[in-house]
Amino acid sequence: MSHIDLSDLICEKVKNLKAYQVETVEEGIKLHANENPYPPSPELKNLIRAHLENLDLNRYPDPDCKRLKEAISSRLGVPGNQLVIGNGSDELIQHLMQVFCDDGDTVAFPEPTFAMYSILAKGMGLKTQTFELDGKWDFKAESTIEKLTSGHTRIVFISYPNNPTGNCFSRTEIQKLIENFEGIVVLDEAYYDFSGQTFLDQMKDHNNLVILRSLSKIGLAGLRVGYGIFPKILVDEINKIRLPYNSNSVTQLAATELLNNFSLVQKQIDSIKKERIRLLDELAKIKSINTYPSDANFILFQASENGEKIFRNLMENGILVRNLGSHPMLKNCLRVTIGTRDENDQFLDRLEKAI
Ligand SMILES: Cc1ncc(COP(=O)(O)O)c(C=O)c1O
């Protein structure tokens, strides 16, 4: 029998980390993870089922994700050799750090933003540099570039729209960042389908630009599929460190069907966007909260007090939202994902009672 002190063996950079926390409820209304509230349509399920019949599950998946890349290529008009598929776009964020950073190098992102940029960087022994967003949750490129340059930053991650604030940053400032920062600019467009705003057309002119997208927000969160559009030379570098079978056969199949039959999911996206307008209007009627505009499938709002209590009260009544109050810039702030009309009504009803 061995009884060694395992904690002595764990490396310092991991020991000091905190795991990504996600509260969950078994039953109830899940408005905390920015998922699509609608399950895949019966038509899409039938298409997936029909192809599943022919899938050789005893064989490894296609390591190049050829059919899936073809589907992305024809939707986006980008060549397949500029694409990499990830087991979620999280994985591609990690790969970017692996490809561009040695131990101790620096990556940057705004504050507040998507927590995984920091978690992944710290887990890899990288330094992080942040730049605070202003009162409109925006930033100025000039001062940011100065900071990034003096900190020898290698990559800057921009969530566009930004999670959790919900807005797209000013296009002019991002354009300046792409044109003047001598490092990699990653535009994480995980919520693109709800914003309709992209910098994809800039890729032909700027070889420091990378764009990430995800299918998690539009219906396939359970299958983990994200993709990145890269300058060709970077695809080759990422392929050196990517696990050969990082995207499984079922994921590849379902994602291909979703993209090749996008009108089925577009209907769901349109409903979510309609509900976003209604939910914003209804929240604006509640006096003791301040609501921020949203280009995404979630809304950030701030209670004048007792954010934690409101969060707990909602959870005890089966409604799970994201509590962001521990962040110094997000006191009493909660983030609610746009649900179905019925889910949103129940949320509004409970929120008024909780307040
Ligand atoms: C800005 C942003 N990027 C990436 C992700 C991760 O997406 P995926 O599920 O594809 O890993 C999220 C998920 O919440 C996100 O908010």
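Relative to the Cα centre, the charge distribution of the range 54-262, modelled as +1 at Lys and Arg Cβ and -1 at Asp and Glu Cβ, gives a dipole magnitude of about 420 debye. The order of V107, V250, going from fewest to most other C-beta atoms within 10 Å of their C-beta, is V250, V107. Oblate is the label for the range 165-268. Its Cα gyration tensor axes, ordered a ≥ b ≥ c, give a/c of at least 1.5 and b/c at or above a/b. Remark: for residue pairs K309/K331; K30/K267; K136/K353; K69/K217; K217/K274; K136/K176, the C-alpha separation exceeds 24 Å in K136/K353. In terms of the Cα gyration tensor, with a ≥ b ≥ c the square roots of its eigenvalues, is the range 293-336 rounded because a/c is under 1.5, prolate because a/b exceeds b/c, or oblate? Verdict is oblate for the range 293-336.
In this structure the amide hydrogen of F298, modeled in the peptide plane, comes within under 5 Å of the amide hydrogens of I338, none closer than 5 places in sequence on its chain. Each of I178, L215, G104 was scored by the projection of its Cα onto the charge dipole of the chain, and the greatest displacement toward the positive side belongs to L215; charges sit on the C-beta of Lys, Arg, Asp and Glu.
Beta bridges from DSSP with both residues in the range 54-262: antiparallel share about 30 percent, rounded to the nearest 5.
Taking other C-beta atoms within 10 angstrom as a stand-in for reagent exposure, R224, R59, R213, R312 fall in the order R59, R312, R224, R213, fewest first. Each stretch of four or more DSSP H residues adds -39500 (n - 2.57); spread over every residue of the chain, this sum gives -12000 deg cm²/dmol at 222 nm. Ordered by the count of other Cβ atoms within 10 Å of each Cβ, fewest first, D205, D105 give D205, D105. Are there any GluC sites (Glu not before Pro) in the range 1-51 that are in a DSSP loop and have at most 16 other Cβ atoms within 10 Å? List them by number. Sparse-neighbourhood loop GluC sites (Glu not before Pro): E23, E26, E27. Taking θ as phi - 60° and the Karplus parameters 6.51, -1.76 and 1.60, the scalar couplings of the range 189-202 work out to 9, 4, 9, 3, 5, 9, 9, x, 10, 8, 10, 3, 5, 7 Hz in sequence order, x denoting glycine and proline.
Across the range 139-149, rounded Karplus estimates of 3J(HN,Hα) from the backbone phi angles (6.51 cos²θ - 1.76 cosθ + 1.60, θ = phi - 60°) give 9, 9, 5, 4, 5, 5, 4, 4, 5, 5, 5 Hz, Gly and Pro being marked x. With both partners inside the chain, how many of the DSSP beta bridges are antiparallel, as a percent to the nearest 5? Roughly 45 percent of the beta bridges in the chain run antiparallel, per DSSP. Full extension of the chain between L55 and T172 yields a length gain of 37.4 nm, computed as 0.36 nm times the residue separation minus the alpha carbon distance.
Count Lys and Arg as plus one, Asp and Glu as minus one, and take only other residues whose Cβ is under 10 Å from that of S249; the net charge is then -1. Here the Karplus curve 6.51 cos²θ - 1.76 cosθ + 1.60, taken at θ = phi - 60°, turns the phi angles of the range 342-353 into couplings of 5, 4, 5, 5, 5, 4, 4, 4, 5, 4, 4, 5 Hz, with x standing for Gly and Pro.
Normalised by the number of residues in the range 54-262, the mean separation of alpha-carbon contacts (under 8 Å, six or more apart) gives a relative contact order of 28 percent. Under the convention that each Lys and Arg Cβ holds +1 and each Asp and Glu Cβ holds -1, the size of the dipole of the range 160-316 around its Cα centre is about 340 debye.
Between amide H atoms placed 1.01 Å from N, distances below 5 Å from T106 occur with K127, R154, all of them 5 or more places distant or on a separate chain.
The peptide list 1-7, 340-346, put in order of mean Cβ contacts within 10 Å with the highest first, becomes 340-346, 1-7.
As a length-normalised measure over Cα pairs under 8 Å and 6 or more apart, the relative contact order of the chain settles at 23 percent. Inter-part distance, the range 109-149 to the range 152-173, computed on C-alpha centroids, equals 9 Å. Could you tell me how far the Cα centroid of the range 247-314 sits from the Cα centroid of the range 334-355, in Å? Here the answer is 11 Å between Cα centres. Within a straight-line Cα-Cα reach of under 21 Å, K15 can be paired with the following lysines, leaving aside sequence neighbours fewer than 8 residues apart in one chain: K122, K127. Packing, as the average of other Cβ atoms within 10 Å across residues, places the peptides 152-159, 164-171 in the order 152-159, 164-171, highest first. At the listed q of 0.09, 0.12, 0.13, 0.17 Å⁻¹, the Debye profile of the range 54-262, built from one uniform point per Cα, gives log10 I(q)/I(0) equal to -0.33, -0.59, -0.70, -1.19. Taking +1 at the Cβ of each Lys and Arg and -1 at the Cβ of each Asp and Glu, which of L120, N54, W137 sits farthest along the dipole of the range 54-262 towards its positive end, judged by Cα position relative to the Cα centre? Checking the options against the dipole of the range 54-262, the answer is N54. Near the amide H of I319, within less than 5 Å, lie the amide hydrogens of I29, all on another chain or at least 5 residues away, with H placed in the peptide plane.
Coordinate-derived values only; no laboratory data. None of the values given here were measured: they were computed from a predicted structure. We place every Cβ from the backbone using ideal geometry, glycine too, and count neighbours over all the protein chains shown.
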